[in-house]
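Remarks on the structure that follows.
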């Protein structure tokens, strides 16, 4: 299911039961001849009339219109407060990836952008678990420029040979460097501060 489809379902669940939300959504998708796995923001105008009709079976017409208007208006225009999570276990990393996808869905990001954001979170989080054992990850949506900002901080020993790693000249049997290089290529903005007291990585992915 695409991030846009996930956001539509989340809005529906705020107003009707999860079972009814799923029924409304799938009927509207079918009537509109769209695909929930590839639904994009540009396709919402085709979906919303069918959603309003299907919703009217469960709620008053005025309420159905209000729900659809919420989807038509798009995501919040104000920046989201940052969310910080610990990174100490694989389960922590899994939660961070889920949050990244959820944020992308709420901002009606395309499936491609959502995957980029989740990949950045995965690569940076794995580096923390592998080389520093523990750290934190903060994610927030910024409006100007419109990006997801990801900040990962650890208290590990620092990254040796950082210039060589970022230049693509460093090769390691443990894979050190490939994740950082991949993240840098996916990000609109990428910064690293590293030393004996730890590492801070900032990456911003355009929405």
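A short reminder: the numbers here are calculations on the coordinates, not readings from a lab. The model shown is predicted, which means the values in this text are computed figures rather than measured ones. Don't worry about glycine lacking a Cβ; one is built from the backbone with ideal geometry, like all the others, and counts go over all protein chains shown.
Taking 7 Å steps out from each Cα toward its Cβ at residue 126 and residue 98 produces label points 2.1 nm apart. The simple spin-label model puts a point 7 Å past each Cα toward its Cβ; for residue 57 and residue 89 those points are separated by 4.2 nm.
The C-alpha atoms of the chain define a longest principal axis, and helix 111-127 lies at about 30 degrees to it.
If you run the Gaussian network model on the chain, springs between alpha carbon atoms under 10 Å, then out of 195, 179, 155 the most flexible one is 195. Compute the acute angle (0 to 90°) between the alpha-carbon long axis of helix 61-73 and the principal axis of greatest extent of the alpha-carbon atoms of the chain; round to the nearest 10°. Rounded to the nearest ten degrees, it is 30.
Between the entries (1) 0.95; (2) 1.20; (3) 1.01, the label attached to Cα Rg over 2.2 N^0.38 Å calculated for this structure is (2).
Given Cα pairs under 8 Å that are at least 6 residues apart, what percent is the relative contact order of the chain?
In percent, rounded to a whole number, it is 19.
How far is helix 18-32 tilted off the main Cα axis of the chain, in degrees rounded to 10, range 0 to 90? Helix 18-32 and the main axis of the chain meet at about 80 degrees.
Estimated from helices alone, the mean residue ellipticity of the chain at 222 nm is -15000 deg cm²/dmol (sum of -39500 (n - 2.57) over DSSP H runs with n ≥ 4, per residue).
With the simple model of a label 7 Å out from the Cα in the direction of the Cβ, residue 191 to residue 17 spans 5.1 nm. Largest mean-square fluctuation among 132, 114, 22, in a Gaussian network model of the chain whose springs join Cα atoms under 10 Å apart, belongs to 22.
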